[in-house]
Amino acid sequence: NASGPAAGLTITLTAGPTREPLDPVRYLTNHSSGKMGYALAASAARLGARVRLISGPVSLATPPGVERIDVETAEQMHAAALRLAVDSDAFIGCAAVADYRAAAPAEHKLKKRDDAESLTLELVKNPDIIAAVAALPAAQRPLVVGFAAETQDLEHYAQDKLTRKGLDMIVANDVSLAGQGFGADHNAALLLWRRPDATTPGRHQTATLTKTELADTILHHLLERL
Ligand code: C5P
């Protein structure tokens with residue numbers, strides 16, 4: 001769609017969970033389905049953008065016209081994101097990145113021990129991918145859009161994340177509501193964006209939409225700020 005409203009723009013996204021190995025056969029992960037990130041990638045491609053989708057392990061088809069880069073761990077996603085963000089117009093961090101990974105994944109399968117009723121795993125913090133992209137020097141920095149899945153005080157935590165991570169826009173949704181968020185096909189979101197000349201962020205609350213409709217709404221707001 002070379003004549004779409006996003007023609008000439010390059011948009012890079014992250015989507016899905018990350019998978020952090022404990023040993024060769026086990027890992028830590030989360031319930032992210034990747035649906036929201038894939039819907040955004042599909043919408044961006046429909047609007048004419050060049051789209052690169054950095055994806056954790058999900059069972060979704062690659063949307064038409066989207067270049068997909070498969071990764072497993074947060075560290076792999078971090079490296080791919082920084083490599084691709086520097087020549088992107090916008091970066092959307094939709095992935096549910098594991099906050100921690102095993103400090104030292106075992107080289108061989110961990111054995112069940114008959115002499116111990118408990119096992120302690122040492123975890124270390126993963127890099128914050130979107131904060132790293134937002135901290136790029138101005139000349140290399142794309143417009144940065146993040147997500148915030150919260151179960152309470154949605155607007156407060158979203159505003160805090162917008163500021164603390166240095167994002168341009170944040171899409172916040174309440175994952176405690178039934179039928180929304182993780183794995184669901186519908187979502188309602190609160191969009192907040194930084195305004196250079198104002199002390200408070202811009203704000204838009206969507207209705208409950210399909211993830212495709214929400215993706216279109218997010219991209220509409222994103223294109224307005226590019
Ligand atoms: O802090 P929290 O995980 O709630 O922030 C969510 C936002 O930050 C999402 O946009 C998510 O993709 C991004 N994120 C990231 N790297 C991390 C953790 C979160 O890019 N390690």
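Remarks
- Those residues of segment 82-108 whose amide nitrogen sits under 17 Å from the label point placed on V175, 7 Å along Cα→Cβ: 93-101
- With N as its number of residues, segment 117-200 has a Cα radius of gyration that, divided by 2.2 N^0.38 Å, comes to 1.35.
- Most mobile of L191, L123, L47 in a GNM of the chain (Cα contacts under 10 Å): L123
- Cβ-based charge dipole, the chain, positive-most Cα from S118, A207, A79: A79
- Span per principal axis, largest first, for the Cα atoms of segment 1-70 (Å): 48, 16, 13
- What the chain shows is 52 Å² of accessible area per residue, with the surface traced by a 1.4 Å probe over protein heavy atoms.
- Volume of the convex hull of the chain (Cα atoms only), normalised per residue: 139 Å³.
- When both segment 127-198 and segment 10-37 are represented by their alpha-carbon centers, they are found 18 Å apart.
- Near the amide H of D23, within less than 5 Å, lie the amide hydrogens of A106, all on another chain or at least 5 residues away, with H placed in the peptide plane.
- Kirkwood-based shape ratio for segment 17-108, expressed as Rg/Rh from alpha carbons: 1.01
- Within straight-line reach of K112, meaning a Cα separation under 29 Å, sit the following lysines at least 8 residues removed in sequence or on another chain: K125.
- Protein accessible area in segment 90-152, 1.4 Å probe - carbon and sulfur %: 50
- For segment 76-173: Kirkwood Rh in Å [reciprocal of mean 1/r, alpha carbons]: 15.7
- Dividing the summed -39500 (n - 2.57) terms of all DSSP H runs of n ≥ 4 by the residue count of the chain sets its mean residue ellipticity at 222 nm at -7500 deg cm²/dmol.
- Amide hydrogen neighbours beyond the local backbone of V71, cut-off 5 Å, H modeled: S55, G56
The values are calculated or read from the model by the stated rules, or taken from the named source; none is laboratory data. Since we're looking at a predicted model, the values are computed, not measured. All Cβ positions, even for glycine, are placed from backbone atoms using ideal geometry, and neighbour counts span all protein chains on display. Just the protein is used for accessible areas: all its heavy atoms, side chains included, with ligands, DNA and RNA removed. Shrake-Rupley method; radii C 1.70, N 1.55, O 1.52, S 1.80 Å.
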